[in-house]
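Asks: Before I ask anything, let me first share the structure, which is written out below as structure tokens.
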Amino acid sequence: MNRNLIEKERRSNMRHLFSRLFSLLPPPTTRRSAIPDRLEQATVYINQIRTRLEGLNQRRLQLEEGNRRTSRRTMMSPVINISEYSHVSGMEINLITESELNLSLSEIIRIIQDEGAEVLTLTYSNGSNRNILTIQCEVNL
């Protein structure tokens, strides 16, 4: 193959990769930005997401520790499982409790929103002496 054609394909591939990366970033503040500036924005954005994720993981561990402490006082402590899904800022929360424990869905949603997340879907079921709540949400940075 001709060197010019190889270079043209390489540049086209790089443009495509940059386009995919930039599509994951928040909209730029200026109309046109140079690629090095956009790459710097991507680095900053990724670090912000990483910091936020570490904070959420610490908060989850604190909540799990709090659940372990309160489980000594109750028959069955609620089981909570928080996992990431689909992309960096999405998560799913699964909460299982005894049916005698009344859930205040509005309070749970308020707590999630106070922690900086937006509830996308919520599924609730009650059966076999258990409440099962599944919440999918997106973290707002």
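Asks: Hey, in the GNM for the chain with a 10 angstrom Cα cutoff, which one of 84, 65, 92 fluctuates hardest?
Replies: Of the options given, 65 has the highest mean-square fluctuation.
Asks: Next question. Between residue 8 and residue 111, what is 0.36 nm times their sequence separation minus the Cα-Cα distance? Round to one decimal in nm. The partial results should precede the final answer.
Replies: Values: separation 103, 0.36 × 103 = 37.08 nm, distance 5.22 nm.
Gain in length upon complete extension: 31.9 nm.
Asks: Moving on to the next point. With r as the distance between the Cβ atoms of residue 31 and residue 62 and R0 = 41 Å, compute the FRET efficiency 1/(1 + (r/R0)^6) and round to 0.05.
Replies: E between residue 62 and residue 31, to the nearest 0.05, is 0.45.
Asks: Quick one, can you get me the convex hull of the C-alpha atoms of the range 3-139 expressed as volume per residue in Å³? Walk me through the numbers on the way to the answer.
Replies: Values: hull volume 20.7 nm³, N = 137.
Measuring per residue, one finds 151 Å³ for the Cα hull of the range 3-139.
Asks: With r defined as the distance between the Cβ atoms of residue 15 and residue 49 and R0 fixed at 22 Å, what FRET efficiency is calculated, to the nearest 0.05?
Replies: Values: r = 24 Å, r/R0 = 1.11.
The pair residue 15/residue 49 has a calculated efficiency of 0.35.
Asks: Roughly speaking, what is the stretch gain from residue 85 to residue 130, that is 0.36 nm per residue apart minus the C-alpha to C-alpha distance, in nm to one decimal? Don't skip to the answer; put the middle values down first.
Replies: On the way: separation 45, 0.36 × 45 = 16.20 nm, distance 2.47 nm.
Result for the pair: 13.7 nm of gain on full extension.
Asks: Could you check which residue among 29, 97, 123 shows the biggest mean-square fluctuation in a GNM of the chain with a 10 Å Cα cutoff?
Replies: Fluctuation is largest for 29.
Asks: With the chain treated as a Gaussian network of Cα nodes joined by springs under 10 Å, which of 110, 15, 68 yields the largest mean-square fluctuation?
Replies: Among 110, 15, 68, the largest GNM mean-square fluctuation belongs to 15.
Asks: So for 114, 37, fewest C-beta neighbours within 10 Å to most, what's the order?
Replies: Sorted ascending by nearby Cβ count, the order is 114, 37.
Asks: At 222 nm, what helix-only mean residue ellipticity would the chain give, in deg cm²/dmol to the nearest 500, using -39500 (n - 2.57) for each DSSP H run of four or more? Present the calculation step by step, with values, prior to reporting the outcome.
Replies: On the way: 3 runs with 68 residues, N = 141.
-17000 deg cm²/dmol, from helical runs alone.
Asks: Right, here's the next one. Could you tell me which residue out of 5, 81, 95 lies farthest along the dipole of the chain toward its positive end? Charges go on the beta carbon: Lys and Arg +1, Asp and Glu -1, centred on the Cα centre.
Replies: 5
No lab work stands behind these numbers, since they all come straight from the coordinates. The shown structure was predicted, so the numbers you read here are calculated from the model rather than taken from an experiment. Positions of Cβ are generated from backbone atoms using ideal geometry, with glycine treated the same way; all protein chains shown enter the neighbour counts.
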